[in-house]
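Since the structure comes first, as structure tokens, the remarks are kept for the end.
No lab work stands behind these numbers, since they all come straight from the coordinates. Just so it is clear, the structure is predicted and the values come from calculations on it, not from any experiment. Here the Cβ is made from the backbone with ideal geometry for all residues, glycine too, and neighbour counts use every protein chain on show.
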Amino acid sequence: MSVNSKIHSIDVLKYALKNFKMFHLSSEYKSFNSVSKIIREKKKTKLIVKLAEPGFNDSRFSEKRFLKKLNFYIKKLGKDKQISIQWMWRGDLSNETNRINNFIKDAKKIAKLFKYLIKKKIIKKVNVFPYTKSFLINSILFNFFNGACVYRNPMEKVYDNLVNEIKGFNFITIRPFGGNLKLIKKHKLKYLLNYSINNKNINNIILTCSKKNRLMR
């Protein structure tokens, strides 16, 4: 579950903390400062945090930058939290060839860092958010990710064949309601949720929700 709207976010979060077991956070969300203070007080909470390295203005992976961003989350959220990473290689999204080639060049040191952090129990898992199907295919080949976060709803099906075909790889689906596509106006809530998780390779859904009444439903 993700709360990305500052409006009513505290009330929504307090309700969610009583009814959900895992939360999705990003320092990029406007509500992060207020939400992180509440999450910090909730002991031993399971979290998925968005962490991009490299960012849009960088072309190669930096362990130093990654650890700085991770330590920021730990400081804000508390050391007792079980943190999984939604990791993103951003760079220049308009140049897919360079993005993949640079990832391949840095894959060895990325794998070493991620495995070390998991072994030391600093983080629980790393799930890749690929941005593209080709990047996901290359990510899976290196076999050091625990899973992938992908968009999946009746309008966004680009990853469906990979979700169906890849065995032993866990997928987390994002945007079941379609985001700006506003599928919630076209389909029933139950249908959209069932669509997003109706595959044995999908083990979680990330819900973006800023309305308490929708959570209660």
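Taking amide H positions as modeled 1.01 Å from N, with prolines and chain starts lacking one, the residues under 5 Å from Ser31 and 5 or more places away or on another chain are Lys6. The local environment of Asn198, defined by Cβ-Cβ distances under 14 Å, has a net charge of +3 under the rule Lys, Arg +1 and Asp, Glu -1.
Here's the picture: a label point sits 7 Å out from the Cα of Lys121 along the beta-carbon direction, and within the stretch 63-80 the residues with their amide nitrogen under 16 Å of it are 79-80.
Straightening the chain between Glu165 and Asn143 buys 6.3 nm, computed as 0.36 nm per residue apart minus the Cα-Cα spacing. One decimal place: the segment Leu93-Lys105 gains 2.6 nm when fully extended, by the rule 0.36 nm per residue minus the C-alpha distance.
Over 29 Å between C-alpha atoms is what I'm after, so list which of Lys109/Lys133; Lys76/Lys115; Lys68/Lys190; Lys42/Lys119; Lys14/Lys109 land there. The pairs that break the limit, which is 29 Å between Cα atoms, are Lys68/Lys190; Lys14/Lys109. Each label point was placed 7 Å from the Cα along the Cα-to-Cβ direction; for Lys46 and Lys79 their separation is 2.4 nm. Peptides 92-98, 124-130, 78-84, 186-192, ordered by how many other C-beta atoms sit within 10 Å of their residues on average, highest first, read 124-130, 78-84, 186-192, 92-98. Near Ser26: Cβ cut-off under 12 Å, other residues only, Lys/Arg at +1 and Asp/Glu at -1. The net charge is +3. Coupling constants for the stretch 21-37 follow from the phi torsions by the Karplus curve (6.51 cos²θ - 1.76 cosθ + 1.60, θ = phi - 60°), and in residue order they are 9, 9, 10, 10, 10, 8, 5, 7, 6, 4, 8, 4, 4, 6, 5, 5, 5 Hz; glycine and proline get x.
Descending by average beta-carbon neighbour count within 10 Å, the peptides 24-35, 53-64 line up as 24-35, 53-64, the highest first. Charge tally for Lys124 (other residues, Cβ to Cβ under 11 Å; Lys, Arg +1; Asp, Glu -1): +4.
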